[in-house]
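Here is the structure we will look at.
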Amino acid sequence: MSHVLVAYGTSRGGTQGLADLIGNDLRGRGHDTVVRAAGDVGELRDVDAVIVAGSLYAGRWHRDARRLVKREAVALSAVPVWLVATGPLDGTAAQGQIPPVKHVADAAERIGARGVQTFGGRLDPDAKGFPASAMAKTSAGDWRDAEHVARWVEQVDGELRALVP
Ligand SMILES: Cc1cc2nc3c(=O)[nH]c(=O)nc-3n(C[C@H](O)[C@H](O)[C@H](O)COP(=O)(O)O)c2cc1C
């Protein structure tokens, strides 16, 4: 059994829900998994693998996710890591691979991540603040796709089993 940390950076809670989906799927596949806000993650130790998820705002990966990768770069370089972005408010993420934004690509290169993945996002119809409230008039919805997540976790699980005896 491997110990996996799923860390998330969120502004409106959607990425926390996505991280919970990932965590539940990993547990279902037998991995001892902790899901935690990236800002609350201390020094990394006793983890066999890490998933860092962050939402996308104006093409930028969430600050808490970026900071975690920067702060724990040495530890993250020593274990298998997957970086996750969640954002698109349509079905495109589940239909094909979306190339990572620059922040995610840079973070992946910094720590030698095993993979990067973009999932759909969520925007509440009554989202507060500008420009979210304006965007919500046309783009509100939940595009976090549990089946897409499950397919991806299956792939991660396969790699983990090969990497962590
Ligand atoms: C102001 C604003 C800007 C956004 N910019 C992007 C973007 O550049 N790319 C993208 O894929 N999604 C974008 N989104 C969608 C969010 O990434 C999506 O709502 C996500 O699920 C939010 O995650 P959170 O609830 O964890 O903060 C944007 C949403 C808002 C409200």
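Relative to the globular-protein estimate of 2.2 N^0.38 Å, the Cα radius of gyration of the chain stands at 0.99.
A straight Cα-to-Cα reach below 27 Å connects Lys70 with the lysines Lys102, residues fewer than 8 places away in its own chain not being considered. Residues with amide H under 5 Å of Val6's amide H, sequence separation 5 or more or different chain, H placed in the peptide plane at 1.01 Å from N; which? HN-HN under 5 Å from Val6: Val34, Val35, Arg36, Ile51. As a rough guide to protection, the peptides 150-159, 126-135 ranked by mean Cβ packing within 10 Å, highest first, stand as 150-159, 126-135.
Bridgeable lysines around Lys137 (alpha carbons under 25 Å apart, same-chain partners fewer than 8 residues away excluded): Lys128. Rounded to the nearest 20 debye, the dipole magnitude of the range 1-76 is 400 debye, with +1 charges on Lys and Arg beta carbons, -1 on Asp and Glu beta carbons, and the Cα centre as origin. Each of Ala37, Ala108, Ser133 was scored by the projection of its Cα onto the charge dipole of the range 3-163, and the greatest displacement toward the positive side belongs to Ser133; charges sit on the C-beta of Lys, Arg, Asp and Glu.
Throughout, read-outs are computed from the coordinates displayed, never taken from laboratory work. Because the structure is predicted, anything quoted here is derived from the model rather than measured. For neighbour counting, all protein chains shown are included, and Cβ atoms are generated from backbone atoms with ideal geometry for every residue, glycine included.
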